[in-house]
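Remarks on the structure that follows.
The values are calculated or read from the model by the stated rules, or taken from the named source; none is laboratory data. Small disclaimer: the values here were computed from a predicted structure and weren't measured. Glycine also receives a Cβ, built like all others from the backbone with ideal geometry; neighbour counts cover every protein chain displayed.
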Amino acid sequence: MALALAGVALLSVFPAVQRSAAQDSSAVDRGVRIGIIYRPGVRPGLVVLPGAAAPDSVRAIIARDLDLSDRFELITLPAGDSIRVSAAPLAGAGRPPAGGRGGAAAGLNYQLYQALGADFAVGLALVGDTTVLTVHDVAAGGVRREFRSRLPPLKDPEFRIAVHRLADHILEATLGVGGIAATRILFVMDGKVYAIDQDGADKRLVSSSDHQAMSPAWAPDGRRFSYMEFWSGHGQLFVQLVGPGKRQPVATTGQALDFTPAFSPDGKTLAFSRATEEGTDIYTVNIKDNCCLQRLTVGRFSDNLSPTYSPDGQRIAFVSTRPGLPQVYVMAADGTDQQLFAPFDYGVTGSSNAPDWSPDGQSVAFHRDVGGTLQVFVLDARTRAVRQLTSLGRNEDPTWAPDSRHVAFVSDRSGYRQLWIIDLETGRIRPLLQQSGARLPAWSPRIPETASSTP
Amino acid sequence: MKRLSLIVLSGIAAVALAACSHNPPPVTTPQQPNADSVAAAERARQDSIDRAAAEARAREETERQRQQRIADSLAALGHTTEAVRTMLATLIHFDYDKSNIRPEDASILDQKVAILQANPNLRIRVSGHCDERGSDEYNLALGNRRATATKQYLVSHGIEAARIETVSYGEERPLAQGHDEAAWAQNRRDEFEIVAGGDALRQP
């Protein structure tokens, strides 16, 4: 709290400095210190205002999303009643925002919330069937943004994702960054593909057949995903639409063991691993026209697998056993210029597998054998420095959130294997679902508004 | 078969009767039939009928024994098929993160070579499996290596490559469910199944 208050004091002078610090602690603006000591880890305070108008569930989901974004100090109001009495009621919630510095027009006691350590205050009100979200800049003493949306009814499968989107609006309005509230994570359990909201709610089966499934992967548009199924010993890849659940087998696959599909950023190409009697190699296929199989690696005495595209589509990181044990390599998207990506000590470093390139292009997460168990590592794509992210229990199969700072992975730290999420900035870690057997997670991009949210 | 023996029987009886009638008694006038000779003829006729019946019975017994022998050998053949199948299904195992055939498993593969050679129509599928310790997706590639290693061994010992399919299930189909070395050792394996030509198998 002391830190938060210091942050408030700082923010009241230089709000911009504080915001950029919260986004990325490595990108400190030089020349704006002026006698103020920069404190990484100090996050802006945010309060979700009480109010009877909006449904409790909406307020609760948003408050939780803001907390899980790991970008705010969420301020809990001590005794809600006294605050409400001292704060002027949100009389004009339905009115157009006063805008600018006319904070008083919104009827909020900014001094009070500032004293409590809030930099931002979020109000929710229901006007007719429209939910009005008001984002107050407490330090500036005014309304920063207002969003109006007609939420689907509570029972509607669209409801939660629509509320999550409101939480993402708040991040955009306050910090100018994209959130991860309106995202989902695919994973495999008992040979079937499931989806779950990033806050751990709404787990649902999205693909079930008599065939064992593996390796789900999202298309960059958030409307489709791909996965592999065993068909009489072969691996058949499918691309499935999120909404209607219709699926298409990927051409040329299914005759061999095809696995670990990965979409190119333009969504037109699917890279995958194919195991034949020659070994395992990486291929691409054009899924737009269902044609044009290309082989990218030729490793007669080594296996090449688990491709992941850089977000600019220029490069593919992958796993190769050419040094003996599997390690992380990189090549141009056409298969040329293959080279080692994540450095290792020959004969010392353990197997490295399951790379996933971050959406901002800066990092590649993967897991590596450390003393007989697996740990998640992050490779800096530019400097090629490798740092270990986890150390407790066995941790594997990392997948990046679209904000490139959260990573979901499989861990047995609680005694059984389940999905966890870590924030790389704060180090905060939380279980995604309390259920054993979940594995091979794939974090979605932000789910587009037009895509049906019922996978 | 029974009808055939009856026909044979009646044929023999007819021949016996004809033989009797062509063999007139020496001391009797043709006009006056001798009671003794009539009785003798009648006896001879009866004897030949009995003889023919006995022969038929003997033949029937032989036939029955032959049928029994065929049935027995068919059953024996079945036992062989079952035994060969069991031999063929014997698993081979691997060291952690390895796909080379262990020396002690080579004899198991030699047995399979012999079976494949003795049964030219037999086609098999080899599936490679891994323990849960490695990476899930890497294990698909490793299982593929394990199945391929076996195929290479069989082919290098003279088996036609087209008769052997290879697949990999990685760590997706464990035999033992435990989380210790005993279970892992069991799960690092190649399995063998018959794809075609396995109805009647000959012992090598």
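Observations on the structure shown:
- Scan of region A:188-204 for residues that are touching a residue at least 40 places away in the same chain (Cβ under 8 Å) and not in a loop (DSSP other than H, G, I, E, B), ordered by number: A:Val188, A:Met189, A:Tyr194, A:Ala195, A:Ile196, A:Arg204
- The set of residues from region A:293-313 being within 14 Å of chain B (Cβ to nearest Cβ), surrounded by 17 or more Cβ atoms within 10 Å (Cβ to Cβ) and among the hydrophobic types (A, V, I, L, M, F, W, C) comprises just one member, A:Leu305.
- Of all residues making up region A:174-219, the number that are more than 14 Å from chain B (Cβ to nearest Cβ), closer than 30 Å to A:Arg71 by Cα and of a type outside the set (Phe, Trp, Tyr): 24
- Selection of region B:37-92 for residues being more than 25 Å from the chain's Cα centre (by Cα) and polar (S, T, N, Q) yields B:Ser37, B:Gln46, B:Ser48.
- One residue stands out among those in region A:314-332 that are more than 10 Å from every other protein chain (Cβ to nearest Cβ) and hydrophobic (A, V, I, L, M, F, W, C): the one that is nearest to A:Val378 (Cα to Cα), which is A:Val328.
- Which numbered condition B:Arg163 misses (of (1) more than 13 Å from chain A (Cβ to nearest Cβ); (2) under 30 Å from A:Phe272 (Cβ atoms); (3) out of contact with any strand residue (DSSP E or B) (no Cβ under 7 Å at 6 or more places or on another chain); (4) not aromatic (Phe, Trp, Tyr)): (3)
- Checking each residue in region B:136-160 for being hydroxyl-bearing (Ser, Thr, Tyr), more than 10 Å from chain A (Cβ to nearest Cβ) and free of Cβ contacts under 8 Å to residues at least 40 places away in the same chain picks out only B:Ser156.
- A:Ala256 satisfies every condition listed in (1) more than 14 Å from chain B (Cβ to nearest Cβ); (2) more than 20 Å from A:Arg184 (Cβ to Cβ) except (1).
- Residue within region B:82-92 that is surrounded by fewer than 17 Cβ atoms within 10 Å (Cβ to Cβ) and not in a helix (DSSP H, G or I) present: yes
- Test: A:Phe341 is closer than 23 Å to A:Gln388 by Cα and away from every other protein chain (no Cβ under 13 Å): yes
- Qualifying positions in region A:235-251 - buried (at least 20 other Cβ atoms within 10 Å of the Cβ) and at pLDDT below 90: A:Val242
- Matching helices (runs of 4 or more DSSP H) fully within region B:96-198 where at least 3 residues are under 32 Å from the mean Cα position of the chain (by Cα): B:103-118, B:138-156
This table checks each residue for (1) at pLDDT 95 or above; (2) outside any strand (DSSP E or B); (3) within 22 Å of B:Tyr138 (Cβ to Cβ).
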site: A:Val206; (1), (2), (3): no, no, no
site: A:Pro216; (1), (2), (3): yes, no, yes
site: A:Pro220; (1), (2), (3): yes, yes, no
site: A:Thr253; (1), (2), (3): no, yes, yes
site: A:Ala262; (1), (2), (3): yes, no, yes
site: A:Asp266; (1), (2), (3): yes, yes, no
site: A:Leu270; (1), (2), (3): yes, no, yes
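- The selection criterion, being modelled with pLDDT of 95 or more, more than 21 Å from A:Phe301 (Cα to Cα) and aliphatic (A, V, I, L, M), does not hold for A:Ala317.
- Put simply, of A:Gly233, A:Gly267 the only residue that is assigned by TED's automatic domain parsing to the domain that holds A:Asp312 and more than 28 Å from A:Ala182 (Cβ to Cβ) is A:Gly233.
- When the residues of region A:222-244 are filtered to those that are outside any loop (DSSP other than H, G, I, E, B) and of a type in the set (A, V, I, L, M, F, W, C), the one that is farthest from the other protein chains (Cβ to nearest Cβ) is A:Leu241.
- Residue among A:Ser404, A:Ser444 that is within 21 Å of A:Phe318 (Cβ to Cβ) and under 12 Å from the mean Cα position of the chain (by Cα): A:Ser404
- When restricted to residues that are under 19 Å from B:Phe192 (Cα atoms) and not β-branched (Val, Ile, Thr), region B:63-118 contains 27.
- Looking only at region A:372-401, and only at residues there that are within 14 Å of chain B (Cβ to nearest Cβ) and among the aliphatic types (A, V, I, L, M), the one that is nearest to B:Asp180 (Cα to Cα): A:Leu374
- Residue, surrounded by the fewest Cβ atoms within 10 Å (Cβ to Cβ), within region A:117-148, restricted to residues that are hydrophobic (A, V, I, L, M, F, W, C) and in a loop (DSSP other than H, G, I, E, B): A:Ala140
- For region B:166-203, taking the residues that are more than 14 Å from chain A (Cβ to nearest Cβ) and of a type in the set (D, E, K, R), the one that is surrounded by the fewest Cβ atoms within 10 Å (Cβ to Cβ) is identified as B:Asp199.
- Checking each residue in region A:270-292 for being of a type in the set (Gly, Ala, Ser) and within 12 Å of chain B (Cβ to nearest Cβ) picks out A:Ser273, A:Ala275, A:Gly279.
- Residues being of a type in the set (D, E, K, R) and at positive phi - total across region A:341-394: 1
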